[in-house]
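*Asks:* This structure is in C-alpha cells; I'll ask about it shortly.
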Amino acid sequence: MSNENTIISRLKLKDESALADLYDKYSAALYGVIVRMCKDEGNAQIILQDTFMTIWEKPHLYDAKKGRFYTWAYRIAKNKTLNFLRKPENLIQVEDLSVYKDKTEDVTNDVDTLKLKGSIQHLDAHHQRAIELVYFNGLTHREAHKEMGVPLGTFKSYVRQALKQLQQSYVKLIVFLMLLIEITK
C-alpha cells in the first residue's frame, strides 16, 4: 500500500509515469467494469481514457482516509459510464443499417469472456456469484455483499478465494499449453 501511496503522491505532482503506473495496475479491472456496463468495446475504451484523464486532472480529490484508490477510480469509471449511457444522443442509431446487429445479443459471445465464464463455472456457487456481481455486473463490494445477503468481510473473502482459484486454474492451463507447444515442436 505504501508503494501505491508513493505513486499517488507522484501523480499529485503531475508525474506522468505515476499515471502510467496506475494505468498498468488498474486499467484492466476498470475496463472490465466499463465494458460490462456499456456493452461496447469502442465506447468502453473511450470511457476508460476519459476516466484516466479525470484521474490525471483531479488527483487532489482522492482522499486515502475515505477508501482505497481503486474504489475512487472505480466510482469515476462507473459514473462516467452511467453518464454516457444516459446521454440522449446514444439513443440514436448510428450504425450502418446494411448490417443487422441484434442489440439483445449477449456480450458473452466473445472468446475471452466465454473462457472466463467456463473457468468460473468450476467455482463453488457462492464464489461464482461474488465474481459475477463484481466483475460482470459492475457492483462494488458494498453493493454486492448486500445483494448476496452476507457480511461484507465474508463477501470480500469469497472474492479473494475465487480470484485465487481462478489464478491457479490459469497457471495450470498455461503450464499445460507450454508443454503442449514443446511437444508439438
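Here, each number is a calculation from the coordinates, and none is a lab measurement. As the structure is a computational prediction, the values presented were derived from the model and not from experiment. Using ideal geometry, Cβ is built from the backbone for each residue, glycine included, and neighbour counts are taken over all protein chains shown.
*Asks:* How do 36, 86 rank when sorted from fewest to most other Cβ atoms within 10 Å of their own Cβ?
*Replies:* The order, fewest Cβ neighbours first, is 86, 36.
*Asks:* Further question on the same structure: Counting other beta carbons within 10 Å of each Cβ, put 129, 142 in order, fewest first.
*Replies:* 142, 129
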